[in-house]
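What follows draws every value from the coordinates through simple rules; no lab data is involved. Note that the coordinates shown come from a computational prediction; the quantities given were computed from them, not determined experimentally. Don't worry about glycine lacking a Cβ; one is built from the backbone with ideal geometry, like all the others, and counts go over all protein chains shown.
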Amino acid sequence: MRLSDVVRSIDTWTSNEEKSVLCKVSELRAMDTFTEHEQVIIEGLVRKSLLIKVSSKDIDYVYPNA
């Protein structure tokens, strides 16, 4: 068994607010499409490795970490 398999099997605790934002990010989306409050929540989800943030030409994008 590989370490990555063990890490993926561990559940990460998320609040109801974080779950609702995660549902909105089902595919690649620009950060500009979210409110400021949602952007703060997204930054927390990026730190929890539930979302991935990519920058391209002054625009930040997020997508789910599968």
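A few notes on this one:
- With 10 Å bins from 0: P(r) over segment 15-64, alpha-carbon pairs, percent: 27, 64, 8, 0
- Each Lys and Arg adds +1 at its Cβ and each Asp and Glu adds -1 at its Cβ; summed about the Cα centre, the chain shows a dipole of about 300 debye.
- Degrees between helix 36-47 axis and first principal axis of the chain (Cα, 0 to 90, nearest 10): 30
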